[in-house]
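Bear in mind that the values in this text are calculations on the coordinates, not laboratory data. All of these numbers come straight from a predicted model, not from anything done at the bench. As a convention, Cβ positions derive from the backbone with ideal geometry for all residues, glycine included, and neighbour counts pool all protein chains shown.
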Amino acid sequence: MNIAKSLILGSAATIVALGGAQAADLPLKAKAVEYVKVCSLYGAGFYYIPGTDTCIKLGGYLRADTSFNAAGAYDYPRWNGVPTTRASNDYIARARQDINIDTRTATEYGVVRTYFDVTFNWTTGSGVRAGSDDALWGGNNTGVGVYYAFIQFAGFTMGKAVSQFSTPWTGYPGNNTSFLIGGQDDVTGINQFSYTAQFGNGVSATVSLEDASGSNLNNNPAVTGINELGTYNSYNRSQLYFVGPGGATIANAWGGTNVPDIIGQIRVDQAWGLFQVSAAAHQIRPNFYGTDDKWGFAVMAALSLKNLPTGPGDSINVDFTYSNGASRYVIGGVTGDNFGIFGTGGALGFGTAALGYTSDAITDGVSIETTEVWGLRGAFNHNWDPYWSSSLFGSYTQVSYNNTAKAILQGSTICGGIGGGFCDPNFTLAQLGGVLRWTPVKNLTLSGEVMYSYIDQKNDGLIATRGVAAGRELKDQGTWTFGVRAQRNF
């Protein structure tokens, strides 16, 4: 019995010893793997950045465009350039990659949001070549553009974002083209410091200080061989045309920015649609002494109707804008300021030309005469089925100079080159177009667009001494542009 007990106890001790030795050989417990988690607080596509309480979403699109009878990508009509020659491109192609980064973090003061949007472009005739950095291929033109870079916190927006003056559809009530004239279009963003108050039920109000100089300054007074009225491609900067003693012309005679544009907006955004009223004050500041600064302004009313009886997802978007001394709020944010359509025939057989010039003001160094511009723009958007949709869009814009401004211009090189007639800088621009879209699979859309633009100008006679335009008869006319697009969103 004692022998059996000794054997049992010895065996148990041996097992315990072996077990202890094996336990000592086991590795320490590994830390749990930190997987990326879905963040459902701000909608689909957001994920938590590992180790933080910040949610992030990556998005963008890849787009391929080709425009015909165009002077720029996205169906820019062939105007504001030399008449068509054998050196002209009959089409413009562009490939674009857009990438955006959206982050959100919940705090005791509300959500902190950052948003960044950058584009990479390759465009026919732009001089952009991969890795190029020389004058032959466009110098430092890399084809990279920053659309948006802003912070939103506690109702404030700080950085580069769409102007608070604009509608949610900016310059695209239903069109693909970037050149539907008749209202503001700063879809590429503008630096600002703004505050938005939310009152509930979709009602909000915003005040904003926005950059009055914008970017992409382009002092090019001889594109058509005619001194232009303050041509520039910045967003809101003053366009001021100066006529000096003896009719001497100093085009692009704007001064540096002194006061940002002051914006106010009220918006109602509900299930039935949207209604918005915006206003802007814009300083006109000459770059020469002896003339006081002057203020221009712009106002806009917009309406969007949804849930139409024509079908689910259909909508009507329309906006009306009036400006006095702040023409960029009607002419747009990415378009040129001056327009010219050239045709064949004419009284002398040298062809025809319809010309239109815009400005914030005309001055002779004594008085500043503001320019009036108003525009109406809109679209009807219809879904035929889950795969096919279309839009019918159009606009109408009128530019008017008062009698004092016209008298000043009579002695300038603008009017001095017109022979056998009279000079009247007033004009209207009408546009009508349509686009058909096919979405064979989700987030892939193929579309075709056509647009007609018509300039009704008030000048009469012949262009006497204007370089390549010399001898052309001043006459109303229009032109067609066509565009095709493939776009993949992600």
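Listed values, structure above:
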quantity: Cβ-defined net charge surrounding Gln265, 13 Å radius [Lys, Arg +1; Asp, Glu -1]; calculated: -3
quantity: Full-stretch length increase - Leu446, Thr105 - with 0.36 nm per residue and alpha-carbon distance subtracted; calculated: 119.1 nm
quantity: Where labels lie 7 Å past Cα in the beta-carbon direction, separation of Met158 and Ser400 in nm; calculated: 4.3
quantity: Relative exposure of His282, His382, judged by other C-beta atoms within 10 Å (fewest first); calculated: His382, His282
quantity: Protection proxy ranking of 421-432, 183-194, 36-47 - average other beta-carbon atoms within 10 Å, highest first; calculated: 183-194, 421-432, 36-47
quantity: Local electrostatic count at Leu62 - Lys and Arg +1, Asp and Glu -1, tallied over other residues with Cβ under 9 Å; calculated: +2
quantity: Segment Ala93-Arg113, extension gain: residue separation times 0.36 nm, minus the distance between their alpha carbons; calculated: 3.7 nm
quantity: Nearest-0.05 FRET efficiency for Val366 and Trp388, computed from C-beta distance (R0 60 Å); calculated: 0.50
